[in-house]
Amino acid sequence: MIEVLAKLGRGPVFLAGEVLECVITFTNPLSASSTSASSEMLAWASAQIHCQFHASENRVALPPSAGSKHDVQAENETVFVPNRGERGQCILSTPPKILFCDLRLDPGESKSYSYCETLPIDGPPSFRGQSVKYVYKLTIGCQRVNSPIKLLRVPFRVLVLHGLKDYQFPQDEAVAPSNPFLEEEEGLKKDSRLADLATELLMVATSRRSLHLYNISNTRGKVGTFCIFKTVYKIGEDVIGTFNFSEGDIPCLQFSVSLQTEESIQEEFQRRRGQPVSFSTHARHQEACLHTAQSSFSLPIPLSSTPGFTTNIVSLKWRLHFEFVTSGESAGTCLVRGSQSEAIIWTGVEQMEVDTFSWDLPIKVLPTNPILASYVSQFSSTNSITI
């Protein structure tokens with residue numbers, strides 16, 4: 001028996017273009033109850049990164065040429081096929097790398113190997129939607145002599161930040177700041193610079209603030225105004241907005257604000273013409289606001305959510321969805337006088353004519369630092385299998 005342990009040292013979330021590093025340890029455990037421990041042999045081990053794409057048959061119509069190709073060798077259990085048994089089709093993969101050949105482990109002995117690979121910068125982000133899914137995995141294949149291959153899959157999350165693909169790092173390393181007390185490999189240097197560049201780009205894009213003021217009105221008149229200071233956010237940030245109903249002619253009884261994503265299939269891949277888009281609500285604020293001059297809301301963007309993106313098949317956009325309930329009467333008739341004595345008691349009316357209307361405000365949601373997103377990731381940094 002051999003235990004295989006794979007560990008992602010920095011966490012299970014990465015930016016496209018970064019270097020994924022995984023330490024894979026093979027151990028021949030020495031059991032206390034075992035009286036006849038013996039050496040174990042592995043013929044070889046290999047590792048490869050791949051992205052699986054799965055589409056809902058009820059929503060997405062894929063062309064026949066885009067389907068998974070039949071491979072005769074895939075039926076052979078002695079051939080390393082990383083996506084064997086996986087749903088959907090493999091749309092992206094890196095070249096396989098051999099970790100070792102003919103490994104012998106004595107009882108209690110273990111050996112570790114480091115696997116490094118640059119994530120393709122032009123791939124889609126990790127996404128689990130109602131119509132399509134993009135799932136990234138690192139698959140490690142191991143085989144004993146004359147035995148089927150055993151696969152250890154390490155799922156991880158990929159965030160895509162547009163703009164990194166077109167950036168060219170300076171060739172003259174002498175002008176770049178460096179620490180003379182540290183010796184870094186060239187790949188790690190570039191990976192660190194890529195993360196710093198992504199952080200800088202995100203900071204510039206999401207720190208710009210300017211007043212966005214919108215008038216809220218229906219067919220009968222003005223209800224109030226809405227104010228927001230920016231429309232570009234990172235996942236993990238809060239969307240904050242304020243309302244001013246003091247200048248409105250129509251009394252607002254209640255409002256709700258929902259933070260939503262809009263998942264739409266490109267027209268050429270829609271199962272039915274005019275197919276409706278899919279909406280998902282990530283946060284919601286609802287408030288009764290009769291006779292309220294001002295109000296506000298704060299909606300957190302979950303770190304586990306997917307930033308907006310577009311591929312040849314699907315598009316994901318973010319928006320704020322507003323719903324307002326207004327009175328069909330004047331503000332003075334919303335209360336009735338309950339007594340004619342000196343002590344006046346005002347009570348609400350039992351029935352009221354109301355009008356409802358909605359409004360959508362598009363916003364832009366970008367990725368964040370992958371280390372921050374790793375803290376709330378559903379994936380584990382450590383995975384293991386026994387063969």
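Derivation of every value follows stated rules applied to the coordinates shown; laboratory data play no part. In this text the structure is predicted, and so the values were computed from the model without any measurement. Neighbour counts are summed over all protein chains in view; Cβ atoms, including those assigned to glycine, are modelled from backbone coordinates with ideal geometry.
3J(HN,Hα) couplings calculated from phi for segment 143-160 with the Karplus curve 6.51 cos²θ - 1.76 cosθ + 1.60 (θ = phi - 60°) are, in sequence order, 8, 7, 5, 6, 9, x, 6, 9, 10, 10, 9, 10, x, 8, 10, 10, 9, 10 Hz; Gly and Pro show x.
Using the beta-carbon distance between Ser280 and Thr25 and R0 = 35 Å, what value does 1/(1 + (r/R0)^6) give for FRET efficiency, to the nearest 0.05? So, using R0 = 35 Å, E works out to roughly 0.35. Pairs from the list Lys7/Lys230; Lys150/Lys364; Lys133/Lys230; Lys97/Lys317; Lys111/Lys137; Lys137/Lys230 with a Cα-Cα gap above 32 Å: Lys7/Lys230; Lys150/Lys364; Lys97/Lys317; Lys137/Lys230. A cut-off under 15 angstrom between Cβ atoms defines the neighbours of Arg209, and their net charge, with Lys, Arg +1 and Asp, Glu -1, is +2.
The simple Förster model, with R0 at 56 Å and r as the Cβ-Cβ distance, assigns Ser112 and Cys227 a FRET efficiency of 0.50. What FRET efficiency would be calculated for the residue pair Ser315, Thr356, taking the C-beta separation as r and a Förster radius of 30 Å, to the nearest 0.05? Between Ser315 and Thr356 the formula returns 0.55. Each peptide in 306-313, 320-327, 379-386, 268-275 was scored by the mean count of other Cβ atoms within 10 Å over its residues; highest first, the order is 320-327, 306-313, 379-386, 268-275. Residue-wise HN-Hα couplings along segment 221-229, as the Karplus relation 6.51 cos²θ - 1.76 cosθ + 1.60 with θ = phi - 60° gives them from phi, are x, 7, 9, x, 10, 10, 10, 9, 9 Hz; Gly and Pro carry x.
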